Amino acid sequence: MELASILETSARSEEAVQPGKEAVDISRELVEKDRAVYLPKLALTLHNMLGRLDEAVEAGKEAVAISRELVAGNDRYNNLADLASSLSILAPSLDKLGRIAEAVEVTEELVDVNKELLKRDREKYLP
């Protein structure tokens, strides 16, 4: 994923798409071998997916689904911040595509997650 990020920040975003997709494919293979260990990495890789907005939204939706799964598991608190991050990226992307109702729904979930994070550690999550 590093190559994709470097290409994206250097205004070579079209070239960043393929390495980003390859990173996702590798992460998916690793998840098949050890889901518990590599599922968070897949969520992060999807979170960073670059390319066309519609592809980024689909990757973002998958990252949110994975983050929700991790939050529902045994380590809820440690995965909430990742869920918040994924939601905060997905909402504006949905908005840009004109999918306003979905963007509002994602934003409402983000507000709820942030409230929970604040209840657990107010000093850490306040700006």
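The values are calculated or read from the model by the stated rules, or taken from the named source; none is laboratory data. Predicted model, so just to flag it, every value in this text is computed and none were measured. Note that we place each Cβ from the backbone using ideal geometry, even for glycine, and neighbour counts take in every protein chain shown. Just the protein is used for accessible areas: all its heavy atoms, side chains included, with ligands, DNA and RNA removed. Shrake-Rupley method; radii C 1.70, N 1.55, O 1.52, S 1.80 Å.
Screening the candidates Asp112, Asp82 for the property of being touching a helix residue (DSSP H, G or I) at 6+ places or on another chain (Cβ under 9 Å) and over 21 Å from Asp54 (Cβ atoms) yields one hit, Asp82. Here Ser88 meets the list (1) small (Gly, Ala, Ser); (2) closer than 25 Å to Pro19 by Cα; (3) crowded, with 17+ Cβ neighbours inside 10 Å almost entirely, failing just condition (3). Scanning segment 55-75 for residues that are open to solvent by less than 50 Å² (accessible area, probe 1.4 Å) and not in a helix (DSSP H, G or I) yields a count of 1.
Across segment 36-54, which residue is surrounded by the most Cβ atoms within 10 Å (Cβ to Cβ) among those that are part of a helix (DSSP H, G or I), free of Cβ contacts under 8 Å to residues at least 40 places away in the same chain and over 13 Å from the mean Cα position of the chain (by Cα)? Within segment 36-54, the match that is surrounded by the most Cβ atoms within 10 Å (Cβ to Cβ) is Tyr38.
To keep it simple, each residue is scored yes or no on (1) farther than 20 Å from Val24 by Cα; (2) without any contact (Cβ under 8 Å) to a residue 24 or more places away in the chain.
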residue: Glu69; (1), (2): no, no
residue: Asn74; (1), (2): yes, yes
residue: Leu80; (1), (2): yes, no
residue: Leu87; (1), (2): no, no
residue: Leu90; (1), (2): no, no
residue: Lys96; (1), (2): yes, no
residue: Glu105; (1), (2): yes, yes
residue: Asp121; (1), (2): yes, yes
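Only residues that are free of Cβ contacts under 8 Å to residues at least 24 places away in the same chain and open to solvent by less than 50 Å² (accessible area, probe 1.4 Å) were counted in segment 110-119, giving 1.
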